[in-house]
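Undergrad: Would you mind keeping the following structure in view while I ask a few things?
The values are calculated or read from the model by the stated rules, or taken from the named source; none is laboratory data. Please read all numbers here as calculations on a predicted model, not as lab measurements. Cβ coordinates were reconstructed from backbone atoms using ideal geometry, including for glycine residues, and neighbour counts include every protein chain displayed. When the accessible area is computed, the model is the full protein with side chains, heavy atoms only, and any ligands, DNA or RNA have been set aside. Shrake-Rupley method; radii C 1.70, N 1.55, O 1.52, S 1.80 Å.
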Amino acid sequence: MNHFIWDFDPVLASFKHLRIHWYGAMFALALLSNYLLMHWIYGREQGSTEDVDRLLWYCMGGSVIGARLAHIIFYNPHYYLAQPAKIIAIWEGGLASHGGVIGVLIALYIYQHKASFNYWWILDRAAIAASLSGSLVRTGNFLNSEIAGIPTQVPWAIIFSRIDMIPRHPVQLYEAISYAAISVFLFYRYKTSQTWDFHGQLFAWFLILIFSARFIMEFYKVELASYSHDLWLSTGQMLSIPFMLIGTFILYRAQRRS
């Protein structure tokens, strides 16, 4: 069977010793999309958009720091203990979505203390932007030929020639499409709601759907963790289960309040 061969240059542009990768460009686009969406939401509900800039910096700092620390701790601790200078080299890749979510949750908790709304208000709105960001970041992983899928012979398998010449599941695209669909679902519920008091329902659906998709996609991924364990679940799946359970609890609580 003839499979599509992906040999895309992951470097978008080079300036002397500085190289800009497509992954970094997509990450920047994700932040821009967050900014524009939250700018629209603030204008629609708050009547003012002056605080959106501060929100962007909080989200950016929380997501990058949290995602980097989670990758170091859960996926490749031996490598970074041996080469601590590589901890700050985020341009080389290595960001874990589970840690990014935790980092943003902490950042938003700090952020909302100086705002006129409560924690659930910002979490429900940020969930729409976060799922769209996840789709763009996974697209960046595809462009960079990162996060290899397991070998397969399905007709839509792709050969990532920068990894090897084996047909693999394009699992990055699976996730990108799933997260984009989740973002559309959340935005639809937000736009068609008769009230703006969701009490955490959108955020709960975000946790349930995003990490359910992540749990399923892990079956089609090559294990990223550099250490081995005896469990049949991957590291990504084990990290996803608590988020799904927390989301289920928040949704039950929110629906009772509504």
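Undergrad: Looking at the structure I just gave you, is L55 open to solvent by 30 Å² or more (accessible area, probe 1.4 Å) and of a type in the set (A, V, I, L, M)?
TA: no
Undergrad: Kindly indicate which of S63, S145, S97, S48 is closer than 21 Å to I250 by Cα, among the hydroxyl-bearing types (S, T, Y) and either open to solvent by 20 Å² or more (accessible area, probe 1.4 Å) or in contact (Cβ under 8 Å) with a residue 12 or more places away in the chain (or both).
TA: Going through S63, S145, S97, S48 in turn, the sole match is S97.
Yes/no per residue for (1) at pLDDT 85 or above; (2) of a type outside the set (S, T, N, Q); (3) closer than 26 Å to F4 by Cα; (4) surrounded by 20 or more Cβ atoms within 10 Å (Cβ to Cβ):
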{"residue": "K86", "(1), (2), (3), (4)": "no, yes, no, no"}
{"residue": "I106", "(1), (2), (3), (4)": "yes, yes, no, no"}
{"residue": "Y119", "(1), (2), (3), (4)": "yes, yes, no, no"}
{"residue": "T139", "(1), (2), (3), (4)": "yes, no, yes, yes"}
{"residue": "P151", "(1), (2), (3), (4)": "yes, yes, yes, no"}
{"residue": "V154", "(1), (2), (3), (4)": "yes, yes, yes, no"}
{"residue": "I163", "(1), (2), (3), (4)": "yes, yes, yes, no"}
{"residue": "P170", "(1), (2), (3), (4)": "yes, yes, yes, yes"}
{"residue": "A176", "(1), (2), (3), (4)": "yes, yes, yes, yes"}
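Undergrad: So in the range 9-31, with the set limited to residues that are more than 17 Å from S133 (Cβ to Cβ) and either among the β-branched types (V, I, T) or out of contact with any strand residue (DSSP E or B) (no Cβ under 9 Å at 6 or more places or on another chain) (or both), which one is least open to solvent (accessible area, probe 1.4 Å)?
TA: V11
Undergrad: Then there is this: Output the number of the condition that N34 fails; it satisfies all remaining conditions of (1) polar (S, T, N, Q); (2) open to solvent by 40 Å² or more (accessible area, probe 1.4 Å); (3) touching a Leu at 6+ places or on another chain (Cβ under 9 Å).
TA: The failed condition is (2).
Undergrad: Condition check: within 16 Å of L224 (Cβ to Cβ) and either modelled with pLDDT of 95 or more or touching a Leu at 6+ places or on another chain (Cβ under 9 Å) (or both). Does V184 satisfy that?
TA: no
Undergrad: Need the failing condition index for H78 against (1) surrounded by 15 or more Cβ atoms within 10 Å (Cβ to Cβ); (2) out of contact with any Leu (no Cβ under 7 Å at 6 or more places or on another chain); (3) not basic (K, R), just the number.
TA: That leaves (1) as the condition not met.
Undergrad: Now a separate question. Could you please give the count of residues in the range 178-207 that are over 30 Å from D7 (Cβ atoms) and either of a type outside the set (A, V, I, L, M) or open to solvent by 30 Å² or more (accessible area, probe 1.4 Å) (or both)?
TA: Qualifying residue count for the region: 20.
Undergrad: Still on this structure, please answer the following. Answer yes if at least one residue in the range 167-181 is over 23 Å from A70 (Cα atoms) and touching a His at 6+ places or on another chain (Cβ under 6 Å), and no otherwise.
TA: The answer is yes, given that some residue of the range 167-181 is over 23 Å from A70 (Cα atoms) and touching a His at 6+ places or on another chain (Cβ under 6 Å).
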